[in-house]
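The values are calculated or read from the model by the stated rules, or taken from the named source; none is laboratory data. The model shown is predicted, which means the values in this text are computed figures rather than measured ones. A quick note on method: Cβ atoms are made from the backbone with ideal geometry, for glycine too, and the neighbour counts reach across all protein chains shown.
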């Protein structure tokens, strides 16, 4: 699943499509579900970023840093 989203990430960047980029960034179904519980407040950070208008939000690297596309 994550490999299929790599193309969408690249396409989103090259096309300047923040919606596509944010969707691809936020669609991790392999790593983030395992790491997010190890980062206190990650779910709240992701929710707050989306509610504030971010196109997507995810863990950056191994964490605990998060990245949001606005």
Residues satisfying the stated conditions in region 1-29, i.e. exposed (fewer than 10 other Cβ atoms within 10 Å of the Cβ) and closer than 19 Å to residue 65 by Cα | 29
So how many residues does region 18-60 have that are in contact with a strand residue (DSSP E or B) (Cβ under 9 Å, 6 or more places away or on another chain) and not in a helix (DSSP H, G or I)?
-> 13
Consider only pairs whose beta carbons are under 7 Å apart and that are at least six residues apart or on different chains; among these, list those whose first residue lies in region 42-70 and is at negative phi and modelled with pLDDT of 90 or more and whose second residue is assigned to a helix (DSSP H, G or I) and loosely packed, with under 14 Cβ neighbours inside 10 Å.
-> 55/19
Of all residues in region 34-53, how many are surrounded by fewer than 11 Cβ atoms within 10 Å (Cβ to Cβ) and over 16 Å from residue 67 (Cα atoms)?
-> 2
